[in-house]
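Here the structure is laid out as structure tokens; the discussion comes afterwards.
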Amino acid sequence: MTKASQPTINDVARLAGVSKKTVSRVINNSDLLNEDTRKRVEQVIAELGYTPNPQARALALRRNFVIALIHDNPNAQMVLGVQHGLLEVLRDTEFELLVHPVDRGDPEMLGEIRRFLERQRPYGVMLLPPISENDQLAGLCASIGCRYVRMGSAPFDVPERMVASNDRETVRHAIGHLIEAGHRHICVIAGPRGFRSALERQSGYEEAMKAAGLPFDRTWIAPGDYTFDSGMRATERLLDLSPRPTAIFSSNDEMAAGAIHVARQRGLEIPADLSIIGFDDTTIASHLWPPLTTVRWPIETMARAAALKLIGNSVGDEDGEHALFLSTLIRRASVAAPST
């Protein structure tokens, strides 16, 4: 090695008195080494300032240093939050993030994802709801040797492959907050059919109403699809009820924003005439007027945990057992006692 040249794996092997294969095992965090050898090689690597060639490592591992985020989710703010959480962990590592949207309504979705995984050979994938709930997709990842982590509103896989929240429990608490404020006619803007998050959040609402001994009608539940426009449509339907509801729980913040828009169009004041609670605590929640009381879904925390489950063995920071992350109610200014 000359002063002008970059150190190579051959230089490391020669100075450490080991084979190139042993150096490669140290670089790739293999368990097939004794601690003395590992430390000796790591010391030589540090002294030489040797940087492994990522292409060579990818060939050795038969995987690229890429984490793929696969999703079909209409909630853009949620997807953005996941990306922020993943990138926070991947920053200053050799890993890159690759975002791959899919169409869960496409009968060829599984085949398309298989081709994507075989072509890109990611180190691991994070699956967002609702496709994370597809056991066939999880099985596909496992069958081709691709590590994966699933995100959901309730646990449905082993801890090392799961990051989940307690949506049902937290929504019960949110509805309880409305009941404590004096509301009895509480309606819901539900999430999309087929989403586990929509089921968990609606179930939390129904359980809270039953626990309080309050009657509710199916007409009090309006369908939405996690978009602003669907929140508007659902609120139009709910505000046409007679008597009009005094409070609305929206299954996400985007739809809650649509609800506030429609209420204002009808001359209603928030929260004097109508109380509203959202879910997610995305940026929009604190930027609305009045600021939205909402459930803070720990999106970025869950994404960070997912990234560590995927690459922790490579960066020495594994967190395989922590799978449940608690949501919390954030009280702002969109809830008040019902007017007389």
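The values are calculated or read from the model by the stated rules, or taken from the named source; none is laboratory data. As the structure is a computational prediction, the values presented were derived from the model and not from experiment. As a convention, Cβ positions derive from the backbone with ideal geometry for all residues, glycine included, and neighbour counts pool all protein chains shown. These area figures cover heavy atoms from the full protein model, side chains too; ligands, DNA and RNA do not enter into them. Shrake-Rupley method; radii C 1.70, N 1.55, O 1.52, S 1.80 Å.
Of the conditions (1) open to solvent by 10 Å² or more (accessible area, probe 1.4 Å); (2) among the hydroxyl-bearing types (S, T, Y); (3) part of a helix (DSSP H, G or I), T235 fails just one. Which one is it?
(1)
Applying the selection to the range 9-60, what residues are buried (at least 16 other Cβ atoms within 10 Å of the Cβ), small (G, A, S) and modelled with pLDDT of 85 or more?
A13, A16
I'd like to verify a number: residues in the range 240-255 that are in contact with a Lys or Arg (Cβ under 8 Å, 6 or more places away or on another chain) and open to solvent by 10 Å² or more (accessible area, probe 1.4 Å), how many?
1
Of everything in the range 271-288 that's touching a residue at least 40 places away in the same chain (Cβ under 8 Å) and among the aliphatic types (A, V, I, L, M), which residue is surrounded by the most Cβ atoms within 10 Å (Cβ to Cβ)?
I277
Can you list residue pairs whose Cβ atoms sit under 6 Å apart, with the first residue in the range 149-162 being over 10 Å from A138 (Cα atoms) and the second being polar (S, T, N, Q)? Count only pairs 6 or more apart in sequence or on different chains.
M151/S132; G152/S132; S153/S165; S153/S197
For the range 74-109, which residues satisfy the criterion of being open to solvent by less than 50 Å² (accessible area, probe 1.4 Å), farther than 30 Å from A285 by Cα and free of Cβ contacts under 8 Å to residues at least 60 places away in the same chain?
The answer is M109, and nothing else.
Check off (1) part of a loop (DSSP other than H, G, I, E, B); (2) modelled with pLDDT under 70; (3) open to solvent by 60 Å² or more (accessible area, probe 1.4 Å); (4) out of contact with any Pro (no Cβ under 9 Å at 6 or more places or on another chain) for Q6 and give me the number that stays unchecked.
Every listed condition holds for Q6 apart from (2).
Can you tell me which condition E206 does not meet? The list is (1) assigned to a helix (DSSP H, G or I); (2) in contact (Cβ under 8 Å) with a residue 24 or more places away in the chain; (3) surrounded by fewer than 19 Cβ atoms within 10 Å (Cβ to Cβ); (4) not small (G, A, S), and all the others hold.
Looking at each condition in turn, E206 falls short on (2).
Per-residue answers, yes or no, for (1) over 27 Å from Q77 (Cβ atoms); (2) out of contact with any strand residue (DSSP E or B) (no Cβ under 9 Å at 6 or more places or on another chain); (3) not β-branched (V, I, T):
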site	(1), (2), (3)
L97	no, no, yes
P101	no, no, yes
G105	no, yes, yes
P129	no, no, yes
Q136	yes, yes, yes
A142	yes, no, yes
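Please determine, by comparing only the residues of the range 143-172 that are assigned to a helix (DSSP H, G or I) and of a type in the set (D, E), which one is least open to solvent (accessible area, probe 1.4 Å). Break it down into steps so the answer makes sense when it comes.
Here is the first cut: in the range 143-172, the residues assigned to a helix (DSSP H, G or I) are 143, 159-161, 167-172.
In the following step, the residues that additionally are of a type in the set (D, E) were identified as 160, 167, 169.
Values: E160: 93, D167: 0, E169: 103 Å².
For the range 143-172, the residue satisfying everything is D167.
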